[in-house]
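Participant: One structure is given below, represented as structure tokens, and several questions about it will come after.
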Amino acid sequence: MPLTVCFTVVAIALLYSFTSYAADNHEGFIQCFKSYSNYNYTSISKVVFTQTHSSYSSILRFSVQNLRFTSNTTAKPLVIVTPLEVLEIQATIICSQRHDMEIRIRSGGHDYEGLSYVSKVPFVVIDLINLREIQIDLENSNAWVQGGATVGELLYKVSQKSKILGFPAGVCPTVGVSGLIGGGGYGFLMRKYGLSADNILDAHIIDVNGRVLDRETMGEDLFWAIRGGGGASFGVIIAWKIKLVHVPSTVTLFNVPKTLEQNATKLIHKWQLVANKLDDDLNIRIILERVNSSTQTRKLTIKVAFESLFLGGVDRLIPLMEEKFPELGLVREDCTEMSWIESVLYLAGFTKNQPLEFLLNRTHNGVLFFKAKSDYVRDPIPDIGFEGLWPMFYEDEAKAAVLIFTPYGGKMDEISDSEIPFPHRAGNIYKIQHLVYWQEEGDEVEKRHINWMRKLYSYMKPFVSKSPRAAYVNYRDLDIGVNNIN
């Protein structure tokens, strides 16, 4: 049964009789909001937060995942709205228009450039943190999930109902469901079942006129547009109907690290030749970072970790690896069998024995400053390309730099690149996420690390996709360009 959507057509019509207030006058916005909203059960101070509200700063910072956007110079919203019902979102949409305030929509706060809570013009943030109800229909293997729920909350709730159903979501449990789906989010199930956005059956969206629409009333064009290409441009998505997928009762994980001294460059080359051609049940990604070669010498080297989720037991995995990727030398001792939901916890950085309830946490420790970029690789990068890359990782700014190679193929090759607004399908071997982190505050420190990332990105140009050089919208990178058209 879909989540209850309560709204009043008469109330929408009354909006247009409101007196217009001066532009960016948030007091005018508040009065407009009060006139429109229904407060039989709460007070406006629990839903609407202006910059003078005692809780404003804590609410704004709660979901910030990149410290670059917490400085005093970062533009702040005039108002934050944390709606408890649809009517309050409708009021926010209409009242922000009447007072020339742009809208930002925040689900989990993971936008890499902070665009879910930062703007250069007067703006209001709709924070969906209170709208995270999840209703699971086991009989039909689907669920309705509100836009403010996180990946961790969704997967945990599904696991409490079924041990053999899951959803193709990302590895970070604090990511918001709406950002994940709207921007083409993915995870270790991608080669088996495609993207999160490939598994959407319906949605409820509030458009610019305050209308609540489902798939039938919005039409197939809009339903197409909100899945995979950055759907927040078209309205506030308050709920998604998702298709749940089958997962086995036992999955197998391994993480095999290799350094340059252990032939890592050659292993990457072989991985490039097989990663997108492996059994759909097998997903092996690469995480690349610099480390000390030993505690004694403290000499720097590159560690290449081959991290995998296999949808099955170790007895079936080992023969597959011996046939397709024997060079890695995988043995049973490298592998750990567990349930699907335990693998979600493990891949998120927790240990197997920690409580599954950790997936319900909306925040995580260790929020840092970072800058990211992305690339797609359609032809294997030659060894010489990597050998020229390694010295860059020995520079000071690369102390906490990470490259993540995510393989494509499988289901991703089978879905048309026009099925949804996500064009990265057949022909891509893998995607690269370029990341650099730092802990120190200050403009100069930030400039040095961002310049290092730009230098890395420039170096990679000959080895990645061309005409155009492709990028992944959920790894937001404003260096690529900004649309300034109103």
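Participant: For Glu387, work out the one condition from (1) surrounded by 13 or more Cβ atoms within 10 Å (Cβ to Cβ); (2) under 17 Å from Ile287 (Cα atoms) it doesn't fulfil.
Facilitator: For Glu387, the failing item is (1).
Participant: Is it the case that some residue within region 327-350 is among the basic types (Lys, Arg) and surrounded by 16 or more Cβ atoms within 10 Å (Cβ to Cβ)? So that I can check it myself, show each step before the final result.
Facilitator: Our first condition is that a residue be among the basic types (Lys, Arg); within region 327-350, this holds for 332.
Of the ones still in play, those that are also surrounded by 16 or more Cβ atoms within 10 Å (Cβ to Cβ) are none.
The answer is no; no qualifying residue exists.
Participant: Please specify each residue of region 391-420 satisfying the condition of being open to solvent by 30 Å² or more (accessible area, probe 1.4 Å) and either part of a loop (DSSP other than H, G, I, E, B) or of a type in the set (A, V, I, L, M, F, W, C) (or both). Break it down into steps so the answer makes sense when it comes.
Facilitator: Let us first name the residues in region 391-420 that are open to solvent by 30 Å² or more (accessible area, probe 1.4 Å), namely 391, 394-397, 399-400, 411, 413-414, 416-419.
Those that are open to solvent by 30 Å² or more (accessible area, probe 1.4 Å) and either part of a loop (DSSP other than H, G, I, E, B) or of a type in the set (A, V, I, L, M, F, W, C) (or both): Glu395, Lys399, Ala400, Ser416, Asp417, Ser418, Glu419.
Participant: Here's a check for you: in region 152-168, which residue that is open to solvent by 10 Å² or more (accessible area, probe 1.4 Å) and part of a loop (DSSP other than H, G, I, E, B) is nearest to Asp214 (Cα to Cα)?
Facilitator: In this case the residue turns out to be Ser162.
Participant: Follow-up. Looking only at region 472-484, decide whether some residue is part of a loop (DSSP other than H, G, I, E, B) and touching an Asp or Glu at 6+ places or on another chain (Cβ under 6 Å). Step through it out loud before you land on a result.
Facilitator: Just the residues of region 472-484 that are part of a loop (DSSP other than H, G, I, E, B), to begin with: 472-477, 481-484.
Still in the list and also touching an Asp or Glu at 6+ places or on another chain (Cβ under 6 Å): 476.
The answer is yes; a qualifying residue exists.
Participant: Same structure, new question: Does His364 satisfy the condition of being outside any helix (DSSP H, G or I) and open to solvent by less than 30 Å² (accessible area, probe 1.4 Å)?
Facilitator: On the way: outside any helix (DSSP H, G or I): yes; open to solvent by less than 30 Å² (accessible area, probe 1.4 Å): no.
It is false that His364 is outside any helix (DSSP H, G or I) and open to solvent by less than 30 Å² (accessible area, probe 1.4 Å).
Participant: May I ask you to list the residues in region 281-324 that are over 18 Å from Met190 (Cα atoms) and hydroxyl-bearing (Ser, Thr, Tyr)?
Facilitator: Of everything in region 281-324, those that are over 18 Å from Met190 (Cα atoms) and hydroxyl-bearing (Ser, Thr, Tyr) turn out to be Ser293, Ser294, Thr295, Thr297, Thr301.
Participant: Taking region 95-130 only, how many residues are open to solvent by less than 30 Å² (accessible area, probe 1.4 Å), in contact with a strand residue (DSSP E or B) (Cβ under 8 Å, 6 or more places away or on another chain) and farther than 22 Å from Ser35 by Cα?
Facilitator: 8
Participant: Further question on the same structure: Going by the structure shown, is Ser57 touching a residue at least 60 places away in the same chain (Cβ under 8 Å), out of contact with any Cys (no Cβ under 8 Å at 6 or more places or on another chain) and among the small types (Gly, Ala, Ser)? Outline the logic, then answer.
Facilitator: Details: touching a residue at least 60 places away in the same chain (Cβ under 8 Å): no; out of contact with any Cys (no Cβ under 8 Å at 6 or more places or on another chain): yes; among the small types (Gly, Ala, Ser): yes.
Against the criterion (touching a residue at least 60 places away in the same chain (Cβ under 8 Å), out of contact with any Cys (no Cβ under 8 Å at 6 or more places or on another chain) and among the small types (Gly, Ala, Ser)), Ser57 does not qualify.
Participant: State all residues of region 245-258 that are open to solvent by 30 Å² or more (accessible area, probe 1.4 Å) and within 27 Å of Tyr437 (Cβ to Cβ); if no residue qualifies, say none.
Facilitator: Residues satisfying the conditions are Asn255, Pro257, Lys258.
Participant: Separate question: Within region 230-244, work out how many residues are open to solvent by less than 60 Å² (accessible area, probe 1.4 Å), small (Gly, Ala, Ser) and out of contact with any Leu (no Cβ under 7 Å at 6 or more places or on another chain). Lay out the reasoning, then the answer.
Facilitator: So in region 230-244, the residues open to solvent by less than 60 Å² (accessible area, probe 1.4 Å) come out as 230-231, 235-242, 244.
Next cut, small (Gly, Ala, Ser) only: 230-231, 235, 239.
With out of contact with any Leu (no Cβ under 7 Å at 6 or more places or on another chain) added as a condition, the list becomes 230-231, 235.
Of the residues in region 230-244, 3 are open to solvent by less than 60 Å² (accessible area, probe 1.4 Å), small (Gly, Ala, Ser) and out of contact with any Leu (no Cβ under 7 Å at 6 or more places or on another chain).
Participant: Kindly provide the set of residues from region 56-94 that are polar (S, T, N, Q), open to solvent by less than 40 Å² (accessible area, probe 1.4 Å) and farther than 15 Å from Ile126 by Cβ, ordered by number. Don't jump to the end; show me each part of the working.
Facilitator: Initial filter on region 56-94 (polar (S, T, N, Q)): 57-58, 63, 65-66, 70-74, 82, 90, 92.
Next cut, open to solvent by less than 40 Å² (accessible area, probe 1.4 Å) only: 63, 65-66, 70, 74, 82, 90, 92.
Correct list: Gln65, Asn66, Thr70, Thr74.
Participant: On to the next question. Any idea how many residues of region 334-354 are assigned to a loop (DSSP other than H, G, I, E, B) and β-branched (Val, Ile, Thr)?
Facilitator: Total meeting the criteria: 1.
Participant: Same structure, new question: Only one of (1) in a loop (DSSP other than H, G, I, E, B); (2) modelled with pLDDT of 95 or more fails for Thr295. Which number is that?
Facilitator: (2)
Participant: Related question: Could you tell me how many of the residues in region 270-312 are closer than 29 Å to Lys399 by Cβ, among the hydrophobic types (A, V, I, L, M, F, W, C) and either open to solvent by less than 10 Å² (accessible area, probe 1.4 Å) or in contact (Cβ under 8 Å) with a residue 40 or more places away in the chain (or both)?
Facilitator: 12
Participant: Being outside any loop (DSSP other than H, G, I, E, B), surrounded by fewer than 19 Cβ atoms within 10 Å (Cβ to Cβ), of a type in the set (D, E, K, R) and under 27 Å from the mean Cα position of the chain (by Cα): is that true of Glu357 here? Steps first, answer last, please.
Facilitator: Working: outside any loop (DSSP other than H, G, I, E, B): yes; surrounded by fewer than 19 Cβ atoms within 10 Å (Cβ to Cβ): yes; of a type in the set (D, E, K, R): yes; under 27 Å from the mean Cα position of the chain (by Cα): yes.
Here the answer is yes, as Glu357 does meet what is asked.
Participant: For residues that are open to solvent by less than 70 Å² (accessible area, probe 1.4 Å) and without any contact (Cβ under 8 Å) to a residue 24 or more places away in the chain, tally how many sit in region 452-475.
Facilitator: Step one: filter region 452-475 for residues open to solvent by less than 70 Å² (accessible area, probe 1.4 Å), giving 452-453, 456-457, 459-460, 463-465, 469-475.
After this cut, where a residue has to be without any contact (Cβ under 8 Å) to a residue 24 or more places away in the chain as well, the list is none.
Looking only at that region, the number is 0.
Participant: Restrict the check to region 227-250 and report whether at least one residue is polar (S, T, N, Q) and over 30 Å from Ala91 (Cβ atoms).
Facilitator: As a first pass, look at region 227-250 and keep what is polar (S, T, N, Q): 233, 249-250.
Restricting the remaining residues to those that are over 30 Å from Ala91 (Cβ atoms) gives 249-250.
Yes, that holds for at least one residue.
Participant: A follow-up question, please. Could you list all residues from region 397-431 that are without any contact (Cβ under 8 Å) to a residue 40 or more places away in the chain and touching a helix residue (DSSP H, G or I) at 6+ places or on another chain (Cβ under 8 Å)?
Facilitator: Arg425, Ala426
Participant: Among the residues of region 32-54, are any open to solvent by less than 10 Å² (accessible area, probe 1.4 Å), closer than 26 Å to Thr174 by Cβ and of a type in the set (S, T, N, Q)?
Facilitator: no
Participant: On the basis of being among the polar types (S, T, N, Q), within 27 Å of Gly170 (Cα to Cα) and part of a helix (DSSP H, G or I), does Ser58 make the cut?
Facilitator: Values: among the polar types (S, T, N, Q): yes; within 27 Å of Gly170 (Cα to Cα): yes; part of a helix (DSSP H, G or I): yes.
Yes; evaluated as a whole, the condition is true for this residue.
Matching residues to (1) open to solvent by less than 10 Å² (accessible area, probe 1.4 Å); (2) without any contact (Cβ under 8 Å) to a residue 12 or more places away in the chain; (3) of a type in the set (S, T, N, Q):
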| site | (1), (2), (3) |
| --- | --- |
| Val145 | yes, no, no |
| Thr150 | yes, no, yes |
| Gly185 | yes, no, no |
| Asn199 | yes, no, yes |
| Ile206 | yes, no, no |
| Asn209 | no, no, yes |
| Ala225 | no, no, no |
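Participant: Next question, about the same structure. For region 367-390, which residues satisfy the criterion of being assigned to a helix (DSSP H, G or I) and either of a type in the set (S, T, N, Q) or out of contact with any strand residue (DSSP E or B) (no Cβ under 6 Å at 6 or more places or on another chain) (or both)?
Facilitator: Within region 367-390, the first condition is being assigned to a helix (DSSP H, G or I), and the residues that meet it are 383-390.
Within region 367-390, Asp383, Ile384, Gly385, Phe386, Glu387, Gly388, Leu389 qualify.
The values are calculated or read from the model by the stated rules, or taken from the named source; none is laboratory data. Predicted model only: the values in this text are computed from it and were never measured. So basically every Cβ, Gly included, is an ideal-geometry build from the backbone, and we count neighbours across all protein chains shown. Ligands, DNA and RNA are stripped out before the accessible areas are found, and what is left, the full protein with its side chains, is counted by its heavy atoms. Shrake-Rupley method; radii C 1.70, N 1.55, O 1.52, S 1.80 Å.
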